[in-house]
Amino acid sequence: MAEPVNFPIRLTVTGAVQPGASLKAVLLIGHPMESGFRTMESGQLVPKNVIEILLVRLNETTLFQAATGIGISANPYFAFPVDLSQTAPPTGWHLSVNWVDDKGQRGELKRELQ
């Protein structure tokens, strides 16, 4: 089971939230994304620690899933469109972001779109 951690996740959504709209989402995850190639002053390698899977969903629909690796910088930034072409569900729209890194740590954020 993955262990939850308290790395900050920021999700900003711009645009009018209404059926048929296209919004812009910007996601920033505070994560060190250590490649395993960097060395400390002692000469010892800093252990690898990267996000392996990132999943973004609109309600129950997957917007995208990314398998990241050592080529992604620390505090990864993602920008993506959110299409609200469907009719609003009775409970409204919500975005959820989930990630898991190679140490078994995980992060999650849920945001209601209003």
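Of all residues in the range 71-94, those being more than 10 Å from residue 59 (Cα to Cα), free of Cβ contacts under 8 Å to residues at least 60 places away in the same chain and in a loop (DSSP other than H, G, I, E, B) number 7. Only residues that are out of contact with any strand residue (DSSP E or B) (no Cβ under 9 Å at 6 or more places or on another chain), part of a loop (DSSP other than H, G, I, E, B) and either polar (S, T, N, Q) or touching a residue at least 60 places away in the same chain (Cβ under 8 Å) (or both) were counted across the range 36-62, and they come to 2.
Only one of the listed residues (52, 60, 34) is crowded, with 16+ Cβ neighbours inside 10 Å, more than 17 Å from residue 11 (Cβ to Cβ) and not basic (Lys, Arg). That residue is 34. Considering only the range 7-23, state which residues are part of a loop (DSSP other than H, G, I, E, B) and closer than 12 Å to residue 109 by Cβ. Hits for the range 7-23 are 7, 8.
For the range 95-114, a residue qualifies if it is farther than 22 Å from residue 5 by Cβ, of a type outside the set (A, V, I, L, M) and either within 14 Å of the chain's Cα centre (by Cα) or not in a strand (DSSP E or B) (or both), and exactly one does: 114.
The set of residues in the range 1-36 that are of a type in the set (S, T, N, Q) and under 14 Å from residue 56 (Cβ atoms) contains only 12.
Here is a list of conditions, (1) under 19 Å from residue 7 (Cα atoms); (2) of a type in the set (D, E, K, R); (3) over 19 Å from the mean Cα position of the chain (by Cα), and residue 52 meets all of them except one; can you say which number that is? Status for residue 52: all satisfied but (3).
Scanning the range 46-78 for residues that are touching a Lys or Arg at 6+ places or on another chain (Cβ under 7 Å) and among the polar types (S, T, N, Q) yields a single hit, 49. Within the range 95-114, residues that are in contact (Cβ under 8 Å) with a residue 12 or more places away in the chain have Cβ atoms under 6 Å from residues that are of a type in the set (Gly, Ala, Ser) and assigned to a strand (DSSP E or B) in these pairs: 99/107; 110/96, counting only partners at least 6 apart in sequence or on another chain.
Would you mind finding the one in 71, 92 that is small (Gly, Ala, Ser), closer than 18 Å to residue 33 by Cβ and at pLDDT below 95? One residue alone meets the criteria, 71.
The values are calculated or read from the model by the stated rules, or taken from the named source; none is laboratory data. Just so it is clear, the model here is predicted, and its values are computed rather than measured. Don't worry about glycine lacking a Cβ; one is built from the backbone with ideal geometry, like all the others, and counts go over all protein chains shown.
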